[in-house]
């Protein structure tokens, strides 16, 4: 090859090199422009292309990082994690990649791995970072919520979902059997793709469910509603005659924001929509976003989300409120909901429930991963606060947003991109299942633990319910289903009475008040045999020496006798008092008279408590029925032993006479 040819070849090579560099620079500019406009689907592909043509390691690292950033903005955390890791491998200089790996892992529900990544970031960036501490604490809290979820049940609404994006349904009729929702399914208007998601632009669709709960094939709303941009986030007034929705126009040559529009519903048709003037500086703020309307139950207040820096703006997207006139149009200036609700980040997709509480989605409070849903309590007229996370399973590590309730019922829909759907964002249903309570157990003979068949178990509730059952051959009983519902219901207390002929009854109580989990109450009841002639021992009843007046401590001892008579209202007893054998000088009749007076004292006290004296026969037995005989006492070595034996002989008990007392109507014991 001649020198001239060599020079020519080198010259061509230089030109090609400059051409490649120029093309790569142009692609990088296009990628940066797409990212700046929020066209993340486009920026992913453009940054990948720029990476393949870049020659300098620093450029490659920057483009890889921006691919990861674009995936994160799209909510594709698996790919974001992969590309942040690639950036680390090429030695991207900023350790923030480790923080975003932690965020990506968190939004995949990998909380332990996320904490490890956060700690790695902390090692790479000494000096501390408050956001790392908060992120680790939130991972630990999210894991607890995941391990101990609320009672809500959630499932995908299969017939409304596609492999594309299906989101934010609203009830479109008074019976809440028809919904309107956004979707990017294949039937959507136009042939262009949304550069943000790489999907069709979203349209509004409607579907109605039949008596069996099956949804009809969704039908697109008319072209007057659906344009060539994005439509979504609908809401209807209480009469279902006005639909408010979000519209975000699209034009390749001009950048637009979003606005809230309203359309009147006439039968199955919709009027030409009208844009609500909610943005400041009308005509000069086309790129601002005003979206996600919700309306109060009385149709007097509209709440929406916006990034417009109106009065009180906190940052990102804030929730604002504006009053509506009788025609459903805004009057006056929008008012920021304040720091009790809004954060420096983003609050979107508000929903006003019929009870006045405000639900919304935010990434400013910390949560389980991506977007989380929150509830704010009404704290005054058109004021809300005391924000709380809805926790698992309504929230998840993925994006959860756009909750809507079915009237006053504790059920409805929300949107999520969690696994288990058909793809993209999907509509899921949720409901609060009824707490299921049951009461079961066994009744046994006290002393030998043999089953008692035919014992009657009666359950009386504070709600007025009164049910009973007989025990089976094994002494078992169960209260589960009673006709049209459960026997044991929520927020109710129950009195239990277990009784059988010739046995003392047993009373008990159970309550479901404050119980937040389905529960089966299980009890074992021991019934003591109580046939005529049986003697029942009572706790020791003390008297002063040679006296019969009850001491205060003795009154406490008589509680057993009192409760037995209360629990067994047909019982008649002989209340017997016993003395020791040592002589007394205070009474002519000796110990026999003393014991009779003591027995009468016991009866008198129980009468003051409301027990009919006809049910008690006081009998003084004196020293005639000793527990320890004098012969044994005389043989005891110490005074202490003898005193203890005499105390055992000084006692009160009762003997069962019969079970034929007829309780008097309206009689009640005195407590």
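Tell me, please, whether a residue that is in contact with a helix residue (DSSP H, G or I) (Cβ under 8 Å, 6 or more places away or on another chain), outside any strand (DSSP E or B), within 27 Å of residue 200 (Cβ to Cβ) and modelled with pLDDT under 95 can be found in region 245-252.
No, region 245-252 contains no residue that is in contact with a helix residue (DSSP H, G or I) (Cβ under 8 Å, 6 or more places away or on another chain), outside any strand (DSSP E or B), within 27 Å of residue 200 (Cβ to Cβ) and modelled with pLDDT under 95.
Only one of these is surrounded by fewer than 17 Cβ atoms within 10 Å (Cβ to Cβ) and closer than 23 Å to residue 447 by Cα: 546, 552, 534, 556. Name it.
Exactly one residue qualifies, and that residue is 534.
For region 172-179, indicate whether the set of residues that are closer than 28 Å to residue 104 by Cβ, assigned by TED's automatic domain parsing to the domain that holds residue 292 and buried (at least 23 other Cβ atoms within 10 Å of the Cβ) is non-empty.
So far as region 172-179 goes, no, none of its residues is closer than 28 Å to residue 104 by Cβ, assigned by TED's automatic domain parsing to the domain that holds residue 292 and buried (at least 23 other Cβ atoms within 10 Å of the Cβ).
Yes/no matrix, rows are residues, columns are (1) closer than 23 Å to residue 533 by Cα; (2) surrounded by 15 or more Cβ atoms within 10 Å (Cβ to Cβ); (3) outside the structural domain of residue 501 (by TED's automatic domain parsing):
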{"residue": "561", "(1), (2), (3)": "yes, yes, yes"}
{"residue": "577", "(1), (2), (3)": "yes, yes, yes"}
{"residue": "584", "(1), (2), (3)": "no, yes, yes"}
{"residue": "597", "(1), (2), (3)": "yes, yes, yes"}
{"residue": "612", "(1), (2), (3)": "yes, yes, yes"}
{"residue": "618", "(1), (2), (3)": "yes, yes, yes"}
{"residue": "631", "(1), (2), (3)": "no, no, yes"}
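Could you run through region 633-665 and say how many residues are farther than 30 Å from residue 500 by Cα and crowded, with 16+ Cβ neighbours inside 10 Å?
6
Give just the number: which of (1) over 21 Å from residue 138 (Cβ atoms); (2) touching a helix residue (DSSP H, G or I) at 6+ places or on another chain (Cβ under 6 Å) does residue 337 not satisfy?
(2)
May I ask you to list the residues in region 599-610 that are surrounded by fewer than 16 Cβ atoms within 10 Å (Cβ to Cβ) and assigned to a helix (DSSP H, G or I)?
604, 607, 608
Can you tell me which of (1) surrounded by fewer than 16 Cβ atoms within 10 Å (Cβ to Cβ); (2) at pLDDT 95 or above; (3) farther than 25 Å from residue 343 by Cβ is the one residue 483 doesn't meet?
(2)
For region 524-535, what are the residues that are more than 14 Å from residue 499 (Cα to Cα) and assigned to a strand (DSSP E or B)?
Residue satisfying the conditions is 535 alone.
Please go through region 211-229 and give me each residue that is under 34 Å from the mean Cα position of the chain (by Cα) and modelled with pLDDT under 95, ordered by number.
211, 212, 213 - these are the residues of region 211-229 that are under 34 Å from the mean Cα position of the chain (by Cα) and modelled with pLDDT under 95.
Mind checking whether some residue in region 390-408 is more than 23 Å from residue 157 (Cβ to Cβ), buried (at least 20 other Cβ atoms within 10 Å of the Cβ) and modelled with pLDDT of 95 or more?
Looking through region 390-408, none of the residues is more than 23 Å from residue 157 (Cβ to Cβ), buried (at least 20 other Cβ atoms within 10 Å of the Cβ) and modelled with pLDDT of 95 or more.
So how many residues does region 290-308 have that are in contact with a strand residue (DSSP E or B) (Cβ under 9 Å, 6 or more places away or on another chain) and either outside the structural domain of residue 352 (by TED's automatic domain parsing) or farther than 21 Å from residue 365 by Cβ (or both)?
In the first step, residues of region 290-308 are kept if they are in contact with a strand residue (DSSP E or B) (Cβ under 9 Å, 6 or more places away or on another chain); the result is 290-297, 299-308.
Next cut, either outside the structural domain of residue 352 (by TED's automatic domain parsing) or farther than 21 Å from residue 365 by Cβ (or both) only: 290, 293, 295-297, 299-302, 308.
Residues that pass the stated criteria total 10.
Could you figure out which of (1) without any contact (Cβ under 8 Å) to a residue 24 or more places away in the chain; (2) over 24 Å from residue 388 (Cα atoms); (3) outside the structural domain of residue 366 (by TED's automatic domain parsing) isn't true of residue 124?
So residue 124 meets the others, but not (1).
Can you say whether residue 638 is under 53 Å from the mean Cα position of the chain (by Cα) and over 18 Å from residue 542 (Cβ atoms), as far as the supplied structure shows?
no
Just checking: which of the strands (runs of 3 or more DSSP E) contained wholly in region 118-234 hold 2 or more residues that are within 29 Å of residue 43 (Cβ to Cβ)?
The strands (runs of 3 or more DSSP E) meeting that bar are 166-171, 178-183, 203-208.
With respect to residue 313, is the statement that it is at pLDDT 95 or above, in the same structural domain as residue 224 (by TED's automatic domain parsing) and either in a loop (DSSP other than H, G, I, E, B) or under 21 Å from residue 373 (Cβ atoms) (or both) true?
No.
Does residue 279 satisfy being buried (at least 21 other Cβ atoms within 10 Å of the Cβ) and either part of a strand (DSSP E or B) or assigned by TED's automatic domain parsing to the domain that holds residue 236 (or both)? Give the derivation first.
On the way: buried (at least 21 other Cβ atoms within 10 Å of the Cβ): yes; either part of a strand (DSSP E or B) or assigned by TED's automatic domain parsing to the domain that holds residue 236 (or both): yes.
Criteria met by residue 279.
The values are calculated or read from the model by the stated rules, or taken from the named source; none is laboratory data. What you see is a predicted model, and the numbers here were worked out from it, not measured in a lab. Counting neighbours? That spans all protein chains shown, and the Cβs are built from the backbone with ideal geometry, glycine included.
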